[in-house]
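Trainee: Below is a structure I'd like to ask you about.
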Number of protein chains: 2
Amino acid sequence: MITIPIEVSARHIHLSQPDLDLLFGFDYKLKPLKNISQTGQYAAEEKVALVNGNQKIDNIRVVGPTRPETQVELSLTEARRLGLEIPLAVSGNVAQATKLTVIGPQGQIDRHCAIIAQRHIHASLEDAKKYQLHDGQIVTVECGNQRAVVFRQVVVRVRADFVWNLHLDTDEANAAGLQGGETGLVII
Amino acid sequence: MITIPIEVSARHIHLSQPDLDLLFGFDYKLKPLKNISQTGQYAAEEKVALVNGNQKIDNIRVVGPTRPETQVELSLTEARRLGLEIPLAVSGNVAQATKLTVIGPQGQIDRHCAIIAQRHIHASLEDAKKYQLHDGQIVTVECGNQRAVVFRQVVVRVRADFVWNLHLDTDEANAAGLQGGETGLVII
């Protein structure tokens with residue numbers, strides 16, 4: 001039986017250094033607020049707003065450190081709220097991402113950067129070996145109690161510094177009555 | 001193989017006649033806008049707002065006809081937006097429902113009326129007989145493609161005038177990438 005801790009990813013943004021500079025000022029350094037489960041990553045103090053036409057969502061947390069490409073991760077509920085069609089994609093794959101406007105205190109940018117992150121498992125090389133999983137593998141995870149849900153189409157992501165965790169977005173967590181901190185059961 | 005049409009229930013309110021009168025005026029009659037799948041039920045032209053403290057959600061559709069008890073059905077996402085803890089309950093069971101303020105054009109009411117509807121199947125007596133299901137039975141339904149989800153804890157509701165349908169709320173539909181109109185597979 002393979003158990004996995006469940007984490008819920010609320011909407012957030014990863015910024016490239018050039019985009020961070022455009023939004024917050026030249027050579028800006030993010031201020032880490034709180035470490036998150038994946039090694040070296042943190043919720044930053046900084047927040048931005050997302051805009052599409054007349055629709056706006058404030059208080060989008062920046063997750064650091066900076067990355068090669070700016071990426072916004074939203075739920076389908078939030079995509080609807082912004083009036084946008086946003087594709088389901090594996091985090092890091094912004095090839096098909098939807099264009100929107102990101103507003104910071106010092107500037108704004110238009111970027112094809114919005115995705116709905118495909119639910120995924122973070123696994124280290126050791127985890128992958130131990131559970132006989134490989135990067136890109138699709139597995140199923142059983143979660144929840146009163147609103148129990150079996151999530152199919154969970155993609156396994158393997159990297160040396162990853163920490164064993166299932167990441168769900170807020171729609172997925174709410175549908176299953178999860179808050180994060182629970183444990184799921186991986187079915188291969 | 002038991003297939004079932006999937007419907008998505010967005011937030012809505014059922015009103016008692018006394019509460020309808022308080023919100024819209026004495027001896028008020030709802031104006032049917034569009035029939036919905038369950039026999040005799042309709043989305044009405046009327047809308048109300050829901051308030052908890054400083055938080056407000058506008059444009060809550062009234063579903064007619066009036067019922068013995070006022071009941072608001074929200075998703076967990078919307079409950080969070082209102083800052084409320086709202087219990088999961090079978091529709092019609094408002095014993096544990098959460099108090100909020102409902103505002104109409106002619107008045108407002110405070111009622112213990114808000115629930116998150118437990119995902120459910122509507123079955124007629126003939127459906128129940130055909131598929132060997134009984135009222136209150138808990139079944140599992142497999143749904144979706146790219147975001148395939150297996151929903152456990154689906155309650156079967158049997159009534160003579162019910163129409164064979166799976167009802168999911170917007171969190172559940174979004175988590176599974178469903179818009180309504182798709183078909184699920186019931187697993188008993």
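The values are calculated or read from the model by the stated rules, or taken from the named source; none is laboratory data. This structure is a prediction, so every number in the text was calculated from the model and none was measured. Don't worry about glycine lacking a Cβ; one is built from the backbone with ideal geometry, like all the others, and counts go over all protein chains shown.
Trainee: Is it the case, given these coordinates, that A:Leu50 is in contact with a strand residue (DSSP E or B) (Cβ under 8 Å, 6 or more places away or on another chain), buried (at least 16 other Cβ atoms within 10 Å of the Cβ) and modelled with pLDDT of 95 or more?
Mentor: Taking the combined requirement at face value, the residue satisfies it.
Trainee: Continuing with the same structure: Give the residues of segment B:120-142 that are within 14 Å of chain A (Cβ to nearest Cβ) and in contact (Cβ under 8 Å) with a residue 60 or more places away in the chain, sorted by residue number. Lay out the reasoning, then the answer.
Mentor: Filtering segment B:120-142 for residues within 14 Å of chain A (Cβ to nearest Cβ) gives B:120, B:138-142.
Listed by number, the list holds a single entry, B:Val141.
Trainee: In addition: If you go through segment A:99-119, how many residues are in contact with a helix residue (DSSP H, G or I) (Cβ under 8 Å, 6 or more places away or on another chain) and more than 14 Å from chain B (Cβ to nearest Cβ)?
Mentor: Restricting attention to segment A:99-119, the residues satisfying the condition of being in contact with a helix residue (DSSP H, G or I) (Cβ under 8 Å, 6 or more places away or on another chain) are A:102-109, A:111, A:114, A:116, A:119.
Among the residues that remain, those that are also more than 14 Å from chain B (Cβ to nearest Cβ) are: A:102-109, A:111, A:114.
Count: 10.
Trainee: Does B:Arg80 satisfy the criteria of being more than 12 Å from the chain's Cα centre (by Cα), more than 19 Å from B:Asn165 (Cβ to Cβ) and of a type in the set (Lys, Arg)? Show your work before the answer.
Mentor: Details: more than 12 Å from the chain's Cα centre (by Cα): yes; more than 19 Å from B:Asn165 (Cβ to Cβ): yes; of a type in the set (Lys, Arg): yes.
When the stated conditions are applied, B:Arg80 passes them.
Trainee: Turning to a different aspect of this structure: With respect to A:Leu178, is the statement that it is touching a helix residue (DSSP H, G or I) at 6+ places or on another chain (Cβ under 9 Å), buried (at least 19 other Cβ atoms within 10 Å of the Cβ), modelled with pLDDT of 95 or more and of a type in the set (A, V, I, L, M) true?
Mentor: Details: touching a helix residue (DSSP H, G or I) at 6+ places or on another chain (Cβ under 9 Å): yes; buried (at least 19 other Cβ atoms within 10 Å of the Cβ): yes; modelled with pLDDT of 95 or more: yes; of a type in the set (A, V, I, L, M): yes.
So A:Leu178 fits the description; yes.
Trainee: Working carefully through the options A:Ile103, A:Ile60, A:Ile6, A:Ile2, find the one that is modelled with pLDDT of 95 or more, under 13 Å from the mean Cα position of the chain (by Cα) and of a type in the set (A, V, I, L, M).
Mentor: Working: A:Ile103 fails: under 13 Å from the mean Cα position of the chain (by Cα); A:Ile6 fails: under 13 Å from the mean Cα position of the chain (by Cα); A:Ile2 fails: under 13 Å from the mean Cα position of the chain (by Cα).
The conditions single out A:Ile60.
Trainee: Separate question: Give me a count of the residues in segment B:12-40 that are small (Gly, Ala, Ser) and either in a strand (DSSP E or B) or in contact with a Lys or Arg (Cβ under 8 Å, 6 or more places away or on another chain) (or both). Write out each step before concluding.
Mentor: If we filter segment B:12-40 for residues that are small (Gly, Ala, Ser), which is where we start, we get B:16, B:25, B:37, B:40.
Keeping just the survivors that are either in a strand (DSSP E or B) or in contact with a Lys or Arg (Cβ under 8 Å, 6 or more places away or on another chain) (or both) gives B:16.
Number of matching residues: 1.
Trainee: I would also like to ask the following. Being assigned to a strand (DSSP E or B) and farther than 13 Å from A:Ala123 by Cα is the filter; apply it to segment A:166-183 and report the residue that is farthest from the other protein chains (Cβ to nearest Cβ).
Mentor: Applying the first criterion (assigned to a strand (DSSP E or B)) to segment A:166-183 yields A:166-169, A:183.
Going one step further and asking which of them are farther than 13 Å from A:Ala123 by Cα, we end up with A:168-169, A:183.
Details: A:Leu168: 8, A:Asp169: 8, A:Thr183: 16 Å.
Looking at the filtered set, the residue picked out is A:Thr183.
Trainee: OK, next. Would you mind stating whether B:Asn145 is at the interface with chain A (Cβ under 10 Å from one of its Cβ atoms), closer than 26 Å to A:Arg119 by Cβ and surrounded by fewer than 20 Cβ atoms within 10 Å (Cβ to Cβ)? Step through it out loud before you land on a result.
Mentor: Working: at the interface with chain A (Cβ under 10 Å from one of its Cβ atoms): yes; closer than 26 Å to A:Arg119 by Cβ: yes; surrounded by fewer than 20 Cβ atoms within 10 Å (Cβ to Cβ): yes.
The answer is yes for B:Asn145.
Trainee: Only residues that are of a type in the set (Lys, Arg), under 16 Å from B:Thr170 (Cα atoms) and touching a residue at least 24 places away in the same chain (Cβ under 8 Å): list them for segment B:44-86, please.
Mentor: Of segment B:44-86, the ones of a type in the set (Lys, Arg) are B:47, B:56, B:61, B:67, B:80-81.
Now narrow it down to the ones that are under 16 Å from B:Thr170 (Cα atoms): B:61, B:80-81.
Selection gives B:Arg61, B:Arg81.
Trainee: In segment A:41-83, what count of residues is obtained for those that are closer than 17 Å to A:His112 by Cβ and assigned to a strand (DSSP E or B)?
Mentor: Residues flagged as closer than 17 Å to A:His112 by Cβ and assigned to a strand (DSSP E or B) within segment A:41-83 amount to 8.
To keep it simple, each residue is scored yes or no on (1) out of contact with any strand residue (DSSP E or B) (no Cβ under 9 Å at 6 or more places or on another chain); (2) more than 14 Å from chain A (Cβ to nearest Cβ); (3) surrounded by 22 or more Cβ atoms within 10 Å (Cβ to Cβ).
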site	(1), (2), (3)
B:Glu78	no, no, yes
B:Ala97	no, yes, no
B:Arg152	no, no, no
B:Trp164	no, yes, no
B:Leu185	no, no, no
